[in-house]
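The values are calculated or read from the model by the stated rules, or taken from the named source; none is laboratory data. In this text the structure is predicted, and so the values were computed from the model without any measurement. The area values use the complete protein model at the heavy-atom level, side chains included, leaving out ligands, DNA and RNA. Shrake-Rupley method; radii C 1.70, N 1.55, O 1.52, S 1.80 Å.
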Amino acid sequence: MTALLAAAWSRAAGWIAAIGAALAVLAALYGAGRRDGRALAEARTQQRAARARELRDAVDRDVDRSVDPADELRRDWRRD
């Protein structure tokens, strides 16, 4: 009986080791894919934030250049 279990174990040990190695490779590939996906998502987020910052700065510059709207209306409607 012991010899039968030892033979079965020796035959199964090779398959178990091969399956374990394949699972380890799959886990490593999955982790690398998640890491790359996270880096790509973060880069896209940074690009969107930079574009939004540029737009906000452009609007702020335009607003800073403009004259007070109330003064413009008074000037336009004033009778001289």
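Per-residue ellipticity at 222 nm from helix content only, as computed over the chain with -39500 (n - 2.57) for each DSSP H run of at least four residues, stands at -33500 deg cm²/dmol.
In this structure the chain gives 95 Å² per residue of accessible area when probed at 1.4 Å with all protein chains present.
The alpha carbons of the chain stretch over 117, 15, 10 Å along the principal axes, in descending order. For the chain, the longest principal axis of the Cα atoms and the long axis of helix 2-65 meet at an angle of about 0 degrees.
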